[in-house]
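Report on the following structure.
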Amino acid sequence: EADIYQTPRYLVIGTGKKITLECSQTMGHDKMYWYQQDPGMELHLIHYSYGVNSTEKGDLSSESTVSRIRTEHFPLTLESARPSHTSQYLCAAAVSGANVLTFGAGSRLTVL
Amino acid sequence: SQKIEQNSEALNIQEGKTATLTCNYTNYSPAYLQWYRQDPGRGPVFLLLIRENEKEKRKERLKVTFDTTLKQSLFHITASQPADSATYLCALAGSARQLTFGSGTQLTVLP
């Protein structure tokens, strides 16, 4: 039983389309994160939020944007998808303190 | 620059043996270090956390050591099973307390 949900799990889309990857958590955690991971590679932090109306960019520069209007919801949006955006996007949440992350199953995006 | 290195891209061991995975880091002063397991196509799952003032942590068949002088953590799986086959990631909290992940070690336990 997952506590953090990501949709869609898989998405294949054409260049130039706008996409939104959804992430919802039922744990009530304040901290939420988006990581990007290519096959066999490390996770790179692209966005994080410490609470409602708080968002920050991560270490890896990304053309995506995020919003945090509700505690449980942290969607990621790409206004104009490009093939270079093809990757797996992982959403995570953490309770304050030691930053133990609970991850969603991921959204695998392919841009043609 | 800060760097995390995990040993060899892939590690194959025989069932029943102890698997030992290494995580080395440079230019960090982490307050704690975490280990995660990741199965193909899934998100990582938290396994263990060890703080800078702890030398060793155990959980069932798992053991983690943390040597801040050597800047190294070792992750052991005793009595390994084929179900332990996965990629194991270490993660450290950087200056902003954001977790930075290593690229992982892929472990295969052969029956």
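At a glance:
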{"read-out": "Top-ranked residue in the range B:88-111 [being surrounded by fewer than 20 Cβ atoms within 10 Å (Cβ to Cβ) and among the polar types (S, T, N, Q); ranked as farthest from the other protein chains (Cβ to nearest Cβ)]", "value": "B:Thr108"}
{"read-out": "So A:Ser24, is it farther than 25 Å from B:Thr105 by Cβ, in contact with an Asp or Glu (Cβ under 7 Å, 6 or more places away or on another chain) and surrounded by 14 or more Cβ atoms within 10 Å (Cβ to Cβ)", "value": "yes"}
{"read-out": "Residue selected from the range A:48-69 under the condition in contact with a Phe, Trp or Tyr (Cβ under 8 Å, 6 or more places away or on another chain), outside any loop (DSSP other than H, G, I, E, B) and over 17 Å from B:Ala91 (Cα atoms), by the criterion nearest to the other protein chains (Cβ to nearest Cβ)", "value": "A:Glu56"}
{"read-out": "Candidates A:Leu60, A:Leu76, A:Leu90, filtered to the one that is under 19 Å from B:Ser103 (Cβ atoms) and crowded, with 17+ Cβ neighbours inside 10 Å", "value": "A:Leu90"}
{"read-out": "A:His85 vs. criteria in contact (Cβ under 8 Å) with a residue 40 or more places away in the chain and more than 14 Å from every other protein chain (Cβ to nearest Cβ)", "value": "no"}
{"read-out": "Identity of the residue in the range B:53-71, hydroxyl-bearing (Ser, Thr, Tyr) and surrounded by 10 or more Cβ atoms within 10 Å (Cβ to Cβ), that ends up modelled with the lowest pLDDT", "value": "B:Thr68"}
{"read-out": "The range B:23-50 - residue that is surrounded by fewer than 21 Cβ atoms within 10 Å (Cβ to Cβ), out of contact with any Ser or Thr (no Cβ under 9 Å at 6 or more places or on another chain) and within 8 Å of another protein chain (Cβ to nearest Cβ) and, of those, farthest from B:Leu107 (Cα to Cα)", "value": "B:Tyr32"}
{"read-out": "Given (1) more than 16 Å from A:Thr15 (Cα to Cα); (2) crowded, with 16+ Cβ neighbours inside 10 Å; (3) within 14 Å of another protein chain (Cβ to nearest Cβ), number of the condition A:Leu109 does not satisfy", "value": "(1)"}
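The values are calculated or read from the model by the stated rules, or taken from the named source; none is laboratory data. These numbers come from a predicted model, not from an experiment. All Cβ positions, glycine included, derive from the backbone under ideal geometry; neighbour counts span all protein chains shown.
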